[in-house]
Amino acid sequence: MTSPDEPLDELDHMILAGVGDMWRQADPVPGDLLDRIKFAIDLENVDLEVMRLTEMAQPAAARGDEQSRLITFDSETVTIMVSIRQNPDGTIRVDGWLTPAGRHPIELRTASGTATTVSDEDGRFVLDPVCSGLVQLIVRPSGTTRTVTTPSISL
Amino acid sequence: MMPETSLHHARMADLLEAARDGDHSSLAGLVDELTPLLWQVARAQGLDRDTSSDIVQTAWLKLLGALDQIRSPMALTSWLVTVTRREAWRVRNASRMELPAKDVLFAELPDHGPTPEERRVEVERTRQLWRAVSTLSDRCQRLLRIIAFTRRPDYDTVSAALDMPRGSIGPTRGRCLAKLRDALSADFAEESWQ
């Protein structure tokens, strides 16, 4: 393998090593990212469709409402909108709305186990209570072998 | 090629083979090994830290469906880097996100407060480097950033990360390094040899 460019000398190598160190200091990989990734990819089914987080709104809390987060996940075939709200006891309630509407098995993976439910004919589902921490939402659309998954997010 | 590089290659090949056979801890080993590079690829496209985290995670999730067809560590790295860059472009175009201006990107190195004497020289060197890198064009900054996180000579990965023709990487790298050397004060090299 030959390259058309000049080989790097020792000073070049040293400068590049310095550039690497500089970026590691100035812009390090977020502390929780490796754990989030490992949690998310610990799945058996590889017939996966990966959803993307497309929108995260944090509406202003009005009249003493508890804070809620609205998140939208999108993939080629499925869209899920979820609202995440804290219960008075500190647990979390997840209200979701899935399109295309229909009864689909839904799982919420957490560090301590998996909660399951089925969306109703309008595509609505509720998971309550959920513990805070890393979670991942998984849909297994009825009549397919596919698994549709969100990235892991921190609740 | 340095022996260290081929050892690394062999270890990666073992991890990849075990991960393909369904070994989760080997897959986790690959995550540890390659995520720092993918992080730089996403960040070099000018995305914020939260978005970059999501994109890197998406690349790994997508890999689960493609792992069967990936035979070598080099192919694995290129695959992940390509997906990360494409996702980054997709998000950037969707949100019409602007690349941060250079002066914002290079506003200030994080200041970790007073440092012991042995670290003082190191910190001063990093600051010199920071100032010098900030004088380079965006193209040079991105190229050197990715090259610094790539095992040489792996032009496929650099080409995939920046969507740059393979043949132009060597000459551009040479030019960018020459500019950086010019921008660095002469005592940078001298201090470094101490």
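The values are calculated or read from the model by the stated rules, or taken from the named source; none is laboratory data. What you are looking at is a predicted structure, and each value in this text was computed from that prediction instead of being measured. Every residue, glycine among them, receives a Cβ derived from its backbone with ideal geometry; neighbour counts consider all protein chains shown. For accessibility, only protein heavy atoms count, side chains too; no ligands or nucleic acids. Shrake-Rupley method; radii C 1.70, N 1.55, O 1.52, S 1.80 Å.
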- Gyration tensor (Cα only) of the range B:3-95 to equivalent ellipsoid, semi-axes in Å sorted down, yields 25, 14, 11
- Peptide ranges B:140-146, A:32-38, A:119-125 listed from the most packed, as the mean C-beta count within 10 angstrom indicates: B:140-146, A:32-38, A:119-125
- Note on the structure: The percentage of the accessible area of the range B:10-59 (probe 1.4 Å, all protein chains present) made up of carbon and sulfur atoms, to the nearest whole number, is 44
- Query: Across peptide A:29-36, how many C-beta atoms of other chains are within 10 Å of each residue C-beta, on average?
  - Reply: 5
- When Cβ neighbours within 10 Å are restricted to other protein chains, what is their mean count per residue of peptide B:61-72? 4
- q = 0.16 Å⁻¹, the range A:43-154: log10 I(q)/I(0) [Debye, one scatterer per Cα]: -0.71
- Taking each residue of B:50-59 in turn, how many C-beta atoms of other protein chains fall within 10 Å of its C-beta, and what is the average? 6
- Note on the structure: Simple spin-label estimate for B:Arg20/A:Thr77, 7 Å along Cα→Cβ, in nm, reads 2.7
- Given a 1.4 Å probe, the accessible area of chain A per residue, as a whole number of Å², is 52
- From the backbone phi of the range B:5-17, what are the Karplus-calculated ³J(HN,Hα) couplings (6.51 cos²θ - 1.76 cosθ + 1.60, θ = phi - 60°) in whole Hz, Gly and Pro given as x? 5, 6, 4, 4, 4, 5, 5, 5, 4, 4, 4, 4, 5
- Query: How big is the B-A contact in terms of buried accessible area, both chains counted, 1.4 Å probe, rounded to the nearest 100 Å²?
  - Reply: 4500
